[in-house]
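*Asks:* Take a look at this one; I'll ask things after.
The values are calculated or read from the model by the stated rules, or taken from the named source; none is laboratory data. Note that the structure is predicted; figures quoted are calculated from it, not measured. Positions of Cβ are backbone-derived with ideal geometry, glycine not excepted, and every protein chain shown enters the neighbour counts.
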Amino acid sequence: MNKTLAAAAAAVVMAPAGDAATGLTSITRTGTVHLDSPPEHVFPLFTAPGERLWVPGWDPQILTSGHGLERGSVWLTGNGDDRTIWLVVDYDPESLHARYTRITPESRAGWVEVFARPDGEGGAEVEVTYQLTALNEHGVEVLAEFDEENYAQMMAEWERLIREADIEYPVTFAD
């Protein structure tokens, strides 16, 4: 990575929420999806290939070898101003934890973190956290729509989509 790009990335990461000098805004949203299958069965659903099973239109372009699960894997989603670059920072099926970096160059950058755990009744609670920083005015507008109410609705929609999908457990990805 060249020094200019590295400096820009560091500035984005370190910019405080609502910094008046830069106009940048950062948000963090956390929600939970409740599912009836054990956490080790549903955890793979929160990956590039796993979301293909339940997200309408989700078709990540995996740029690295493998399934896009491996640490360092890179994939692309969306198009135009919503084209997003994803990087797997951590994917650990043993601890049921994943962390992704996502950059939508035309508006926002940040990370997504997923933790799956037993719900005590044979199912799973999957906690999903998004931390995003606006990169420009368009990003500020996008993040303004990503409020607590809309995020809760998104989590409820994810839960509904997963429950209604015809998914065979445990989820595996063929070579």
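*Asks:* Please go through segment 78-124 and pick out each residue that is polar (S, T, N, Q), touching a helix residue (DSSP H, G or I) at 6+ places or on another chain (Cβ under 8 Å) and not in a loop (DSSP other than H, G, I, E, B).
*Replies:* Across segment 78-124, the qualifying residue is only 104.
*Asks:* Can you name every residue in segment 62-76 that is surrounded by 18 or more Cβ atoms within 10 Å (Cβ to Cβ) and not in a loop (DSSP other than H, G, I, E, B)?
*Replies:* 75
*Asks:* Determine which member of the set 70, 106 is modelled with pLDDT under 95 and either within 19 Å of residue 131 (Cβ to Cβ) or over 11 Å from the mean Cα position of the chain (by Cα) (or both).
*Replies:* Within the list 70, 106, the selection yields 70.
*Asks:* To continue, here is another question. Tell me the residue from 156, 152 that is under 13 Å from residue 32 (Cα atoms), among the aliphatic types (A, V, I, L, M) and without any contact (Cβ under 8 Å) to a residue 40 or more places away in the chain, please.
*Replies:* None of the others qualify; the one that does is 156.
*Asks:* Could you pull out the residue among 32, 4, 28 that is modelled with pLDDT of 95 or more, over 26 Å from residue 169 (Cα atoms), not aliphatic (A, V, I, L, M) and not in a loop (DSSP other than H, G, I, E, B)?
*Replies:* 28
*Asks:* Oh, and also: What number of residues within segment 153-175 are of a type in the set (A, V, I, L, M, F, W, C), surrounded by 12 or more Cβ atoms within 10 Å (Cβ to Cβ) and out of contact with any Pro (no Cβ under 9 Å at 6 or more places or on another chain)?
*Replies:* 7
*Asks:* Looking only at residues in segment 35-61 that are touching a Pro at 6+ places or on another chain (Cβ under 8 Å) and either among the hydroxyl-bearing types (Ser, Thr, Tyr) or in a loop (DSSP other than H, G, I, E, B) (or both), which one is surrounded by the most Cβ atoms within 10 Å (Cβ to Cβ)?
*Replies:* Out of the qualifying residues, it is 60.
*Asks:* Only one of 146, 173 is within 14 Å of the chain's Cα centre (by Cα) and part of a loop (DSSP other than H, G, I, E, B). Can you tell me which?
*Replies:* That would be 146, the only listed residue that is within 14 Å of the chain's Cα centre (by Cα) and part of a loop (DSSP other than H, G, I, E, B).
*Asks:* Restricting attention to segment 35-57, which residues are small (Gly, Ala, Ser), more than 13 Å from the chain's Cα centre (by Cα) and either at negative phi or at pLDDT 95 or above (or both)?
*Replies:* 37
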